[in-house]
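K.L.:
Below are the structure tokens for one structure; questions will follow.
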Amino acid sequence: IRILNAFGVKGRSDSGYFDNFAQAAGALQQYAVSPKNPGIYFVLNPFDSELMARASNRFQERASDTTQDVDIKSRRWFFIDCDPKRKTGISSTEEEWTASKLKAEAVKEWLQMELNFPEPVMCSSGNGFHLHYQIDLLADDDSRNMIKNCLRALAAKFDDEAVTIDTKVFNAARICKLYGTMARKGDHTEHRPHRMSQIWEVPDSIECVSAFGMLELSQLAPPEKARAVAPAAKKERKPGKSPVDRARAYL
């Protein structure tokens, strides 16, 4: 579990590793009740158990080491973040929040109808909506590229002026809002209120998306644009600034 900009201190990340839910809930109290904490997050995929030795069932203040992609051994969740467009650092309006919910429902329906995906776990981040599909993949470069292309495919089909699919959440050590905690971006106002994140819908049986289903979705991604590399500008040598001149001046 990780708290970014803990207690309003920019750049401060408090982090802890937990295998005891009761201790996690107790340790979280000081963070959950503070209005200065904009968001509390957790790592989606299982990490190397050796990391428990960093801060076992407790939080370490100003943690210098947090979970990285190399610490993830397998991928268990395909994470889709439907994020309403708005200025950075502020909460979403009721209309924006609702638009992201409708977008998540449209994505869910399309994946089920077109690619035979099972029912996902649907959650509210407090500002937008998340879909979580259970998967069973190795945490390697192939799965990373496949999930990246899956998100690009969904973005190409569903992005509009109101809501976008976040294409940057493909890394193995991705953090996600810890549901049941408050989302506090900016100040709480009547127009842009703070909301509690929550698990919205859970299917009776959580089924795993097949590797073939993920591959099929990834193949719908548009071709990536090649990055143009600008030719290096040749520096013109100023008169009297040859290596011999510079050496003479130095001496």
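The values are calculated or read from the model by the stated rules, or taken from the named source; none is laboratory data. Because the structure is predicted, anything quoted here is derived from the model rather than measured. Cβ sites come from the backbone with ideal geometry, for glycine too, and all protein chains shown count toward neighbours. We work out accessible area using only protein heavy atoms, side chains counted, and drop any ligands, DNA or RNA first. Shrake-Rupley method; radii C 1.70, N 1.55, O 1.52, S 1.80 Å.
K.L.:
Filtering segment 171-187 down to residues that are of a type in the set (Lys, Arg) and either open to solvent by less than 20 Å² (accessible area, probe 1.4 Å) or modelled with pLDDT of 95 or more (or both), which residue is nearest to Ile199 (Cα to Cα)?
P.N.:
Out of the qualifying residues, it is Lys177.
K.L.:
Does any residue in segment 153-170 that is surrounded by 18 or more Cβ atoms within 10 Å (Cβ to Cβ) come within less than 7 Å, Cβ to Cβ, of a residue that is of a type in the set (Gly, Ala, Ser) six or more places away or on a different chain, and which pairs are these?
P.N.:
So the pair list comes out as Ala153/Ser218; Ala153/Ala221; Val163/Ala99; Val163/Ser100; Thr164/Ala155; Ile165/Ala155; Thr167/Ala155.
K.L.:
Taking Ile90 as the residue in question, decide whether it is within 16 Å of Arg195 (Cα to Cα) and out of contact with any Ser or Thr (no Cβ under 6 Å at 6 or more places or on another chain).
P.N.:
Yes: the conditions hold for Ile90.
K.L.:
Take the residues in segment 3-20 that are part of a loop (DSSP other than H, G, I, E, B), open to solvent by 30 Å² or more (accessible area, probe 1.4 Å) and not aliphatic (A, V, I, L, M), then tell me which one is nearest to Met182 (Cα to Cα). Write out each step before concluding.
P.N.:
Here is the first cut: in segment 3-20, the ones part of a loop (DSSP other than H, G, I, E, B) are 5, 9-12, 18-20.
Checking which are open to solvent by 30 Å² or more (accessible area, probe 1.4 Å) leaves us with 5, 9-11, 18-20.
Imposing the further condition that a residue be not aliphatic (A, V, I, L, M) reduces the set to 5, 10-11, 18-20.
Details: Asn5: 14, Lys10: 18, Gly11: 20, Phe18: 20, Asp19: 22, Asn20: 21 Å.
Across segment 3-20, the extreme among qualifying residues is Asn5.
K.L.:
I'd like to check something: does segment 82-90 contain any residue that is hydroxyl-bearing (Ser, Thr, Tyr) and closer than 21 Å to Ile206 by Cα? Break it down into steps so the answer makes sense when it comes.
P.N.:
Kept after step one, since they are hydroxyl-bearing (Ser, Thr, Tyr), are these residues of segment 82-90: 88.
Now restrict to residues that are closer than 21 Å to Ile206 by Cα: none.
No: zero hits.
K.L.:
Please enumerate the residues belonging to segment 188-219 that are of a type in the set (Asp, Glu) and surrounded by 15 or more Cβ atoms within 10 Å (Cβ to Cβ).
P.N.:
Glu216
K.L.:
I'm told Ser49 meets every condition in (1) touching a helix residue (DSSP H, G or I) at 6+ places or on another chain (Cβ under 8 Å); (2) open to solvent by 70 Å² or more (accessible area, probe 1.4 Å); (3) of a type in the set (Gly, Ala, Ser) except one. Can you identify the failing condition by its number?
P.N.:
The single condition Ser49 does not satisfy is (1).
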